[in-house]
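Engineer: Quick one: the structure is below, questions incoming.
Every number here is computed from the coordinates shown, using simple stated rules; none is lab data. Source: prediction; values computed, not measured. A quick note on method: Cβ atoms are made from the backbone with ideal geometry, for glycine too, and the neighbour counts reach across all protein chains shown.
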Amino acid sequence: MNGTLRVLTIVNALIYFGAATYHSGLLVPAGALAAASIAEALLGLVLVATTAGVLPPRVAYIIVLTGTVFGLAIVVARGLLGVDLWIHVVMLLGLTLAFVLVFARRRA
């Protein structure tokens, strides 16, 4: 994993941990959603495992993308189009940048 991808992966992990904290209800009681908190924390841990070299970036980012799209589908289906939607938009932006780096590195 190159330096840029490593930094982006750490930033992405922090985004997932931030979302998990938000959904835990610790900061904003109205944001409490236990299932989302657990899922986002687990996805953050997948990204941490990638920076530690336990998982290859391609595998980790496919896992995280799958979980994020599943979460986004729940957000849309439940009509949670406020903060929850924007959290997923930020997550998807970070994942998009990471996929560009992962696949650019494979070609180089």
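Engineer: In region 26-44, which residues are surrounded by fewer than 16 Cβ atoms within 10 Å (Cβ to Cβ) and within 24 Å of residue 1 (Cα to Cα)?
Structural biologist: Going through region 26-44, the residues surrounded by fewer than 16 Cβ atoms within 10 Å (Cβ to Cβ) turn out to be 26-30, 32, 34-35, 38, 42.
Within region 26-44, just 42 meets the criteria.
Engineer: Limited to region 50-79, what total is found for residues that are within 12 Å of residue 9 (Cβ to Cβ) and crowded, with 16+ Cβ neighbours inside 10 Å?
Structural biologist: Qualifying residue count, region 50-79: 7.
Engineer: Output the residues belonging to region 36-54 that are under 13 Å from residue 98 (Cβ atoms) and not polar (S, T, N, Q). Give the steps one after another, and end with the answer.
Structural biologist: Step one: list which residues in region 36-54 are under 13 Å from residue 98 (Cβ atoms), which gives 43, 46-47, 50-51.
Passing the criteria: 43, 46, 47.
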